[in-house]
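Notes to accompany the following structure.
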Ligand code: GLV
Ligand code: GLV
């Protein structure tokens, strides 16, 4: 029999054509709304492969009933929605989409820097709302980005790509990472800092770490207090890396100047969310990798990975690399 592949969101037919040449493929019939849990579980029972979104929880309960499952391909670089340890125990391959989204996500991260520092959202609103009365000296005057200090927490490929952009703006770049990146330091002239030094010295603190037990809740009230009052907190990683209530307090109390956020504790947020009541917050709906080119490439990579596993080949970007003796 042909393998069965279930895709948890509607993708373009052109992208899934190759899968259809060797497998039965079904998709959840919505581009916007996540697949309901009961339908996902029901599909998982039959599926040889799942192509999943960040909004799908792929956990022990699912793996326990997914007796045919061989591969989960997640349409994201992050995979905190998947219990990889449980997958590995069952020799189920988990794949993500690193590298191809690096520059797109770095562009978005740097956009948030510019948007928060230069108050661009407030400025757009003022024009739209007919509140632009005249040119005046400190009217919507923001904070410079050029020649300021950027602190990158989590120096992977995306961090490196943001650093390149920052250097083009003559910024000084600090980074903090579990391991030092001597090659990156040498190549780009970025400087390693302890977490504490980075937090104290940066004008823009940019979070790019994956969400893990170690990074969860890393930004607390105490950390925000140690930041400069003029500094901005930018998060394009995962909401729970910061304690959201502490971030809100820091913004309200003026412990920091503002925040640029592409991610939140619970997504999506609604207009009555406390962060949206603050005019020093720029909020985006988790669109870090959302360019048409990159999202298409991510979908294609997910399909390639599924095809490889189902044909007993080594996929391009497995997360649990130990299944292929790659570590
Ligand atoms: C998006 O957040 C991703 O992990 O790709
Ligand atoms: C991931 O978040 C990275 O920095 O590559």
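Every number in this text was worked out from the coordinates using simple rules, so none of it is lab data. What you see is a predicted model; the values in this text were computed from it and never measured. Ideal geometry is used to build each Cβ from the backbone, glycine not excepted, and the neighbour counts take in all protein chains shown.
Some values worked out for this structure:
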{"read-out": "Debye equation applied to the C-alpha atoms of the chain, log10 I(q)/I(0) at 0.08, 0.09, 0.10, 0.15 Å⁻¹", "value": "-0.42, -0.52, -0.64, -1.21"}
{"read-out": "Value of relative contact order over the range 164-267, rounded to a whole percent, pairs C-alpha under 8 Å and six or more apart", "value": "23 percent"}
{"read-out": "Average Cα contact separation per residue, the chain, under 8 Å, 6 or more apart, as relative contact order %", "value": "18 percent"}
{"read-out": "Degrees, to the nearest 10: 244-253 long Cα axis against longest axis of the chain", "value": "10 degrees"}
{"read-out": "Crossing angle, helix 157-168 versus the chain [Cα axis fit, 0-90 degrees, rounded to tens]", "value": "30 degrees"}
{"read-out": "GNM flexibility winner over the chain from 14, 230, 137 (Cα, springs under 10 Å)", "value": "137"}
{"read-out": "Order of 140, 51 - criterion: other Cβ atoms within 10 Å of each residue's Cβ, fewest first", "value": "140, 51"}
{"read-out": "The chain: most fluctuating residue of 134, 289, 202 per GNM, C-alpha cutoff 10 Å", "value": "134"}
{"read-out": "Helix axis angle, 292-310 relative to the chain longest principal axis, alpha carbon, degrees", "value": "30 degrees"}
{"read-out": "Per-peptide average of other Cβ atoms within 10 Å, ordering 180-186, 298-304, 265-271, 251-257 highest first", "value": "298-304, 251-257, 180-186, 265-271"}
{"read-out": "The chain: calculated mean residue ellipticity at 222 nm from DSSP helix runs of at least 4, using -39500 (n - 2.57)", "value": "-10500 deg cm²/dmol"}
{"read-out": "Top of 216, 131, 20 by mean-square fluctuation, Gaussian network on the chain, Cα under 10 Å", "value": "131"}
